[in-house]
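The structure under discussion appears below in the form of structure tokens.
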Amino acid sequence: MFKGTGVALATPFKKDKSIDFDALERLVNHVIENGVNYLVALGTTAETPTLSNEEKIDVLKFIIKINNSRLPLVCGVGGNNTQDVLDNLKKYPLEHVDAILSVSPYYNKPTQSGIIAHFKEISKHSPIPIILYNVPGRTGSNMLASTTLTLANECKNIIAIKEACGNMAQSMELVQTLPEDFTILSGDDDLAIAQIAIGFDGVISVAANCFTKDFSTMISESLKHNFVAAKKLHYKLLNGISLLFTEGNPPGVKAVLNKMDICENEFRLPVVPVSDDTSNKIDLFLKTL
């Protein structure tokens, strides 16, 4: 269900910083019509740290409504307070969601034993399957391949991992050691086709918000081992993908989406728009498309 391209949806805001649901509808329809395989609500790209719990539920309900069961749906339910995650599992309308994406605890810098205990507790209470999310650049700690293997073997409802360690050696260790039916997804858009080449099953992407058709096609061709076509698209998009992350995520994404007339270039502090220099570079890149 979660092979291919998943898109970590951005959350559009109006100029008054309220959620722009009309723009969110345009975004959901845009990515579906341009070939993504599934949707991811309330991930990092959604600016979830600045959303209240009530707003997160409203966003999720709205995406469920607009998606209308067209594609599988994943919802971000994670955090560094295990009990708070368990509480949210009860609050969110997960009966219309196919899996949760749960980030490894951040800021606390838990040991590998602590990470295992955290996810085992979530596994006991989650009503739907779980996709782990390892992103050391944001969490401050790396979930080792051996930790993922333990969770995959001991928790049957943990079915996949989004791996954003950026380390190809660790990526290969995952492929070599994890069960064959365990899904391994890239969390690094610029490494996605390389990771598929070594055995990954797809990607949960930021770039798929805006370079949707080319990016989804690139992943599809990679999974068919048509790396000649995939490589051509990879290098077509590579500079653009780099620009998306030059000043953090999601400022680059919203800069592009704004130029595509999908949403305003608005954020909630402490996130701010990209600089004029980066915006001009994005303009130049978009002309190449």
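The values are calculated or read from the model by the stated rules, or taken from the named source; none is laboratory data. Just so you know, these numbers come straight off a predicted model, no measurement behind them. As a convention, Cβ positions derive from the backbone with ideal geometry for all residues, glycine included, and neighbour counts pool all protein chains shown.
Inclusion of LYS254 among residues that are under 22 Å from the mean Cα position of the chain (by Cα) and over 22 Å from LEU9 (Cα atoms) is not warranted. Just name the residue that is surrounded by the fewest Cβ atoms within 10 Å (Cβ to Cβ) out of those in region 169-215 that are out of contact with any helix residue (DSSP H, G or I) (no Cβ under 8 Å at 6 or more places or on another chain) and in contact (Cβ under 8 Å) with a residue 60 or more places away in the chain. So, considering only residues that are out of contact with any helix residue (DSSP H, G or I) (no Cβ under 8 Å at 6 or more places or on another chain) and in contact (Cβ under 8 Å) with a residue 60 or more places away in the chain, the one surrounded by the fewest Cβ atoms within 10 Å (Cβ to Cβ) is LYS213. Within region 219-252, the set of residues being of a type in the set (Asp, Glu) and either surrounded by fewer than 15 Cβ atoms within 10 Å (Cβ to Cβ) or more than 20 Å from PHE267 (Cβ to Cβ) (or both) comprises just one member, GLU221. Would you mind stating whether LEU185 is assigned to a strand (DSSP E or B) and within 30 Å of ASN34 (Cα to Cα)? Answer is yes for this residue. Scoring VAL274 on the criteria (1) crowded, with 19+ Cβ neighbours inside 10 Å; (2) within 20 Å of the chain's Cα centre (by Cα); (3) β-branched (Val, Ile, Thr); (4) farther than 22 Å from GLY166 by Cα leaves a single failure, condition (2). For region 150-169, a residue qualifies if it is more than 16 Å from THR111 (Cβ to Cβ) and part of a helix (DSSP H, G or I), and the qualifying residues are ALA152, ASN153, GLU154, MET168, ALA169.
Report those strands (runs of 3 or more DSSP E) wholly inside region 71-147 carrying at least 1 residues which are touching a residue at least 40 places away in the same chain (Cβ under 8 Å), surrounded by fewer than 21 Cβ atoms within 10 Å (Cβ to Cβ) and on the phi < 0 side of the Ramachandran plot. Write out each step before concluding.
Working: elements: 73-76, 99-103, 130-134.
Ranges flagged: none.
Of the set (1) assigned to a helix (DSSP H, G or I); (2) acidic (Asp, Glu); (3) exposed (fewer than 14 other Cβ atoms within 10 Å of the Cβ), all apply to ASP261 but (1). On the stretch given as region 194-217, residues that are more than 17 Å from the chain's Cα centre (by Cα), of a type in the set (A, V, I, L, M) and part of a helix (DSSP H, G or I) total 2. Restricting GLY248, GLY202 to those that are closer than 19 Å to THR44 by Cβ and either among the aliphatic types (A, V, I, L, M) or touching a Leu at 6+ places or on another chain (Cβ under 8 Å) (or both) reduces the list to GLY202. When you look at LEU42, is it crowded, with 23+ Cβ neighbours inside 10 Å, more than 24 Å from LEU223 (Cβ to Cβ) and either of a type outside the set (S, T, N, Q) or within 19 Å of the chain's Cα centre (by Cα) (or both), yes or no? When the stated conditions are applied, LEU42 passes them. Kindly establish whether GLN83 is within 18 Å of ILE161 (Cα to Cα) and either out of contact with any Pro (no Cβ under 7 Å at 6 or more places or on another chain) or at pLDDT below 95 (or both). Answer is no for this residue. Residues in region 127-146 that are within 21 Å of the chain's Cα centre (by Cα) and within 18 Å of THR183 (Cα to Cα): ILE128, PRO129, ILE130, ILE131, LEU132, TYR133, ASN134, VAL135, MET143, LEU144, ALA145.
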